[in-house]
């Protein structure tokens with residue numbers, strides 16, 4: 001008997017034959033860790049090793065669910081490009097130590113169980129730093145692992161580690177594109193070339209982005225995948241709690257929404273879509289909103305960390 005999970009996975013695989021690609025932001029994990037401990041903590045994290053294990057486990061659990069529902073490429077940013085400088089030397093050392101957990105133990109077992117290829121995005125940023133920089137030391141360790149992993153685009157888990165798109169694009173070299181008649185033709189040729197050069201294998205542009213609006217801020221992370229995708233369509237979802245608290249029910253709701261057809265107008269006006277009554281009703285509704293300034297919604301969009 002086919003389960004609901006299998007049915008949705010089949011539908012998503014048919015709708016996204018090149019491979020459903022999602023960005024899942026792992027921010028606000030320190031708060032989440034404190035919330036779920038359920039003790040009388042005053043906000044201090046006294047056992048960083050336990051926190052690292054907790055965060056890594058939560059990321060992998062969400063990735064496992066994503067794959068189970070037909071997802072192919074799971075992208076998650078771990079830290080921003082100034083991570084080793086912004087919060088002191090102690091946390092910088094912790095970031096350095098944490099990075100090693102991405103290639104051993106729990107993570108390595110996950111890659112093997114789910115037949116997933118890990119990809120470490122943004123290493124070029126850190127490899128440009130001086131030899132004694134902790135970010136460079138981490139990048140050198142991860143690069144050795146990355147080079148030993150055979151390319152496999154069936155399933156990937158992309159860890160974005162503080163990439164700088166402007167630096168990456170400056171150094172990536174691809175063949176000149178074929179002369180094109182339409183901008184769309186250029187994108188169809190250039191995106192696969194850049195994707196393979198940057199990821200090491202072809203990964204489609206992101207189809208969904210799941211972030212947290214817990215603090216009232218619409219943060220936009222994963223700079224390199226989003227910059228690479230250009231103007232391609234991506235659906236953004238913001239949950240009002242830490243992203244890694246996402247339940248299976250919530251993920252199913254988001255993934256089901258991806259099956260809804262895109263609403264693109266093919267004419268220069270709205271003929272056959274509106275009536276005089278609908279236009280009048282919408283005009284009245286908009287006027288009521290214009291007359292009531294309290295209906296204005298203010299949100300902050302933030303690129304990167306606090």
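Inter-part distance, region 162-179 to region 187-244, computed on C-alpha centroids, equals 17 Å. Note on 207, 133, 73, 171: ascending count of other Cβ atoms within 10 Å places them as 171, 133, 207, 73, the fewest first.
The calculated FRET efficiency for the pair residue 286 and residue 196, based on their C-beta separation and a Förster distance of 51 Å, comes to about 0.65.
Rounded to two decimals, the Cα radius of gyration of region 4-303 over 2.2 N^0.38 Å is 1.13.
A full extension of the chain between residue 277 and residue 108 corresponds to an added length of 54.8 nm, given 0.36 nm per residue minus the alpha carbon distance.
Look at the alpha carbon pairs under 8 Å that are at least 6 residues apart: their mean separation over the length of region 4-303 gives a relative contact order of 23 percent. Along each principal axis, taking the top coordinate minus the bottom one, the Cα set of region 131-237 gives 49, 39, 28 Å in descending order.
In terms of other Cβ atoms within 10 Å, 194, 67 run from fewest to most in the order 194, 67. In this simple spin-label model, placing a label point 7 Å from the Cα along the Cα-to-Cβ direction at both residue 269 and residue 182 gives a separation of 2.5 nm. Taking every alpha-carbon pair within region 186-287, the share separated by more than 15 Å comes to 74 percent. Neighbour counts of other Cβ atoms within 10 Å put 195, 10, 163 in the fewest-to-most order 10, 195, 163.
Throughout, read-outs are computed from the coordinates displayed, never taken from laboratory work. Computed from a prediction, not measured in an experiment: that's the story for all the values here. Note: ideal-geometry Cβ built from the backbone for every residue, glycine included; neighbour counts use all protein chains shown.
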